[in-house]
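The values are calculated or read from the model by the stated rules, or taken from the named source; none is laboratory data. Just so we're clear, the structure is a prediction, and the values are computed from it rather than from any experiment. Quick reminder, even Gly has a Cβ in these numbers, built from the backbone with ideal geometry, and neighbours come from all protein chains shown.
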Amino acid sequence: MSCPRYAPLIAVALVTSCGLPKDPERTSEHLAATHELRVGFTGNPPWTSAAKAEPSGIEPDIVRRFAAQQGVHVAWVGGSETQLVKSLKEHQLDLVIGGFDKTTQWSSTAGITQPFAKDADGKKHVFLTSPGENRFILKLDRFLTDQMRSSAGQS
C-alpha cells in the first residue's frame, strides 16, 4: 500500500521543518559568531549575589556550566530587573538571572525557561530570555533538564 498522493506534502513538511525552531533575532547565530553569552543579573541571594562585578550563587554557576558546554564566555551585566528586561526586549542581552520564579511578573514581557529548581517555599525558578528566541530557549531547556537529572541522581 503506497501513498504517492501524500508524498509531495510529506517532502515539503520535512524540508520546511528542518530549520525549526527559529530565533527571529538570531540569538543562537550571535553566540556561534561571537562566542559570547550576554547575561544580565540582579541580586537575589542565594540564587544570585550581585556584590561584585561578576555575580556568584546558584544561577551564575549554572550559567557558567551552560556557557562552557556551548564553548562561549559570559559577558555579565548588572542592573535592576526593569533595566535588564528592557535590554532583553531590545536583544542587547541573551539571558537574565536573579532568582525569578515561574510566576514572575516578567513572563508576559520576556521569554522564560522551564523551571530548573524549586526553593524551600515550593517556588519553581526560571531564567528570563529574549522573547521568541525559541532555538536558544530549547537549547537552554535541554541543558537545564540534564542539570536537573544529574543533580537528582546525586541526592
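Some notes on this structure:
- Residue list for segment 99-123, filter: of a type outside the set (Val, Ile, Thr) and surrounded by fewer than 14 Cβ atoms within 10 Å (Cβ to Cβ): Gln105, Ser108, Lys118, Asp119, Ala120, Asp121, Gly122
- So Lys86, is it modelled with pLDDT under 95 and either among the aliphatic types (A, V, I, L, M) or out of contact with any Cys (no Cβ under 7 Å at 6 or more places or on another chain) (or both): no
- Residues of segment 107-118 satisfying the condition of being farther than 10 Å from Pro131 by Cβ and of a type in the set (A, V, I, L, M, F, W, C): Phe116, Ala117
- Some residue of segment 140-152 being among the aliphatic types (A, V, I, L, M), exposed (fewer than 15 other Cβ atoms within 10 Å of the Cβ) and in a loop (DSSP other than H, G, I, E, B): no
- Residues in segment 124-136 that are closer than 19 Å to Phe41 by Cα, surrounded by 15 or more Cβ atoms within 10 Å (Cβ to Cβ) and either of a type in the set (Gly, Ala, Ser) or free of Cβ contacts under 8 Å to residues at least 40 places away in the same chain (or both): Val126, Ser130.
- Residues that are buried (at least 21 other Cβ atoms within 10 Å of the Cβ) and on the phi > 0 side of the Ramachandran plot, drawn from segment 81-98: Gly98
- Filter result for Glu81 (within 14 Å of Ala110 (Cα to Cα), over 14 Å from the mean Cα position of the chain (by Cα) and at pLDDT 95 or above): yes
- Candidates Ser17, Ser49, filtered to the one that is of a type in the set (S, T, N, Q), modelled with pLDDT under 90 and more than 14 Å from the chain's Cα centre (by Cα): Ser17
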